[in-house]
Amino acid sequence: MKFIINFFFIAFLFQTIYAQEDSLRLVRQDFKKISAKNTVTVTSYKKQGKDFVYVGGFGNIDVYELDKNGQLTPVSNHELYKQQGPARGMVADQIGGNDYLFVANKYGNAVETFKILENGSIERVAITEDTEETHIGVAITLQVIHMKKSSYLFVGGLEETPGLSCFKINNDGKLIHVQSLRDNDVIHTDGIIGMFSHQINGKTYLYTGGFQDNGISSFRVYENGTFKNINNISDNETDRYLTGTYPVTGVQMGDDYYVIAGHRHHKYYKRKGFIKNTDFVYHGDGVTVFKVDKKGALVPHYVLKDTEKTRLKGQTRIEVVSSNADEAILAIGTRDDESIQLCQLNKEGILKPINYLETGFSIYYGLRAHEMNNQQFLIAGSFRFDLGKVVTYKIEPNINRENEQLKHIVSIKFKEEATQEKINLVIKTFESLKTDIPAIAHLEWGLNDSTEGMSKGFTHCFTLVFNDESAREIYLFHKAHLELVKIVGPLIEDIFVIDYWIEGKEYELEK
């Protein structure tokens, strides 16, 4: 009887769909160019009262200092081992009084250890390469676990030699191999893209998501760094969404411990031969919540299913923005929806959508929550090779803009040597934005006709109208807008941009 009651309770939770709320919003603060070819992963670290951001991509790691307003100042950039990469997994932590950045160099088949210097810059101190007994070939995910006497780095990889490895971290940053477990048909360690650890009643547990084998596994970790499997949960079509298990995180609320897993469904991969098991059924997208039982094992608890009002397609990163005994705020980065979805997890373990921002670029593991002076920020990186940006957002109480539109005003002063032919090209390219970017509700332009003598040499004014902030983000990072910037940049002496909100829906989007 108890089994039947629990089954229907889970089914009820699975079918419950909440309407989107908008109590919080994301407000872009800054964006900076990176030296790598794209952004694959982002992490952050506090050192001596300063906040630093580390952005890893193909070939390079970029270092920035983050100020209290979310502005980024470049510090340095560094080549990865063998000029490979990308820097797929990155985690910063303190070991024996020293600050280190550990980097999973995906196609370098190695884990790099960098010492974090006083100014936030990094200096490589160790390289741990893959061997026949380890599983760090095509290294992807890293997790630091602190025990009473020692600290350990867990490494998960993908493709050729899947499995889970543990290394003891010396105070000098060097890694000593402790144990490796080769993937098999029972555990879910084939393509560990997400890992998370809980410490419960003096015991440590590690949870791994298997991207290729569509599930999640639980492990007990012991004081000496060894580990053993506890339980394994595979994808199904009733109370979990784990096809292409990707991000894994967790929270504690009071006496309850939860693990949250997302997925990038195999449906979204076009590369032939990459997905090992092609016999899968697309049953939608969702975020799965597991409750941790007394033995550290996972129990399916709740699923937030994707709808037209959420943005959960192709989840690649889930960050815990904040948490307390009553609720946790999560940020979910998506590659296919190109969005950041905010959600609330309540103390009953029910996940509820809050609000989302369409970023205008795909997020591929490059999302990081960072707190400064009781203010929450998100740092996101674009996976697009044509963009090469890292972007900061502040999380603020939402303002109801349902019956408003956003006007984006761009005034241009051209250089004296700019020919009329080139100016006409700028105008034509601006006009084409309305066709190339459907998120623009209205676009118009005109020549200055003021007789007051206060125009300061600005001759052309372009006005764009958006229905919401997501539309503005889509425009800002759209390929057509980036092409316009390339054309306009060499021709302008000065530019002035201002945005403001207007009451009412003056312009409707064309269907």
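Residue 169 meets the conditions (1) free of Cβ contacts under 8 Å to residues at least 12 places away in the same chain; (2) surrounded by 22 or more Cβ atoms within 10 Å (Cβ to Cβ) in every case but one. The failed one is (1).
Considering 462, 458, the condition of being aromatic (Phe, Trp, Tyr), more than 30 Å from residue 65 (Cβ to Cβ), at pLDDT 95 or above and not in a strand (DSSP E or B) is satisfied by 458 alone. Give the residue that is farthest from the chain's Cα centre (by Cα), with candidates limited to residues of the range 465-493 that are part of a strand (DSSP E or B) and either aliphatic (A, V, I, L, M) or more than 28 Å from residue 381 (Cα to Cα) (or both). That would be 493. Quick check: anything in the range 274-288 within 29 Å of residue 203 (Cα to Cα), assigned to a loop (DSSP other than H, G, I, E, B) and assigned by TED's automatic domain parsing to the domain that holds residue 213? Looking through the range 274-288, none of the residues is within 29 Å of residue 203 (Cα to Cα), assigned to a loop (DSSP other than H, G, I, E, B) and assigned by TED's automatic domain parsing to the domain that holds residue 213.
Quick check, is residue 417 outside any helix (DSSP H, G or I), over 30 Å from residue 323 (Cα atoms) and not aliphatic (A, V, I, L, M)?
So residue 417 passes the test.
For the range 270-286, filtering for residues that are loosely packed, with under 14 Cβ neighbours inside 10 Å and either free of Cβ contacts under 8 Å to residues at least 12 places away in the same chain or among the acidic types (Asp, Glu) (or both) leaves 6.
Give 124, 88 a once-over and let me know the one that is within 26 Å of residue 36 (Cα to Cα), modelled with pLDDT under 90 and either among the basic types (Lys, Arg) or in a strand (DSSP E or B) (or both). Write out each step before concluding.
Values: 124 fails: modelled with pLDDT under 90.
Within the list 124, 88, the selection yields 88.
The single condition among (1) assigned to a strand (DSSP E or B); (2) touching a strand residue (DSSP E or B) at 6+ places or on another chain (Cβ under 7 Å) that residue 199 does not meet is (2).
Looking only at residues that are among the aromatic types (Phe, Trp, Tyr) and surrounded by 17 or more Cβ atoms within 10 Å (Cβ to Cβ) in the range 369-406, which one is nearest to residue 77 (Cα to Cα)?
First, pick out the residues of the range 369-406 that are among the aromatic types (Phe, Trp, Tyr): 377, 383, 385, 393.
Adding the requirement that they be surrounded by 17 or more Cβ atoms within 10 Å (Cβ to Cβ) leaves 377, 383, 393.
Details: 377: 22, 383: 18, 393: 22 Å.
Applying the filter and picking the extreme gives 383.
Do we find that residue 313 is farther than 29 Å from residue 377 by Cβ and either of a type in the set (Lys, Arg) or in the same structural domain as residue 474 (by TED's automatic domain parsing) (or both) in this structure?
Details: farther than 29 Å from residue 377 by Cβ: no; either of a type in the set (Lys, Arg) or in the same structural domain as residue 474 (by TED's automatic domain parsing) (or both): yes.
So residue 313 fails the test.
Inspection of the range 345-362 identifies no residue that is assigned by TED's automatic domain parsing to the domain that holds residue 446, part of a strand (DSSP E or B) and either among the hydroxyl-bearing types (Ser, Thr, Tyr) or crowded, with 24+ Cβ neighbours inside 10 Å (or both). Residue pairs whose Cβ atoms lie under 7 Å apart, separated by 6 or more positions or on different chains, with the first residue in the range 217-234 and touching a residue at least 60 places away in the same chain (Cβ under 8 Å) and the second β-branched (Val, Ile, Thr) and buried (at least 17 other Cβ atoms within 10 Å of the Cβ), are 218/230; 220/230; 221/145; 221/204; 225/178; 226/178; 227/221; 233/216.
I want to confirm something. Restricting to the range 142-166 and keeping residues that are free of Cβ contacts under 8 Å to residues at least 60 places away in the same chain and polar (S, T, N, Q), which single residue is surrounded by the most Cβ atoms within 10 Å (Cβ to Cβ)? So, considering only residues that are free of Cβ contacts under 8 Å to residues at least 60 places away in the same chain and polar (S, T, N, Q), the one surrounded by the most Cβ atoms within 10 Å (Cβ to Cβ) is 165. Among the conditions (1) at pLDDT below 95; (2) within 25 Å of the chain's Cα centre (by Cα), the only one that residue 238 does not satisfy is (2).
The values are calculated or read from the model by the stated rules, or taken from the named source; none is laboratory data. Source: prediction; values computed, not measured. Don't worry about glycine lacking a Cβ; one is built from the backbone with ideal geometry, like all the others, and counts go over all protein chains shown.
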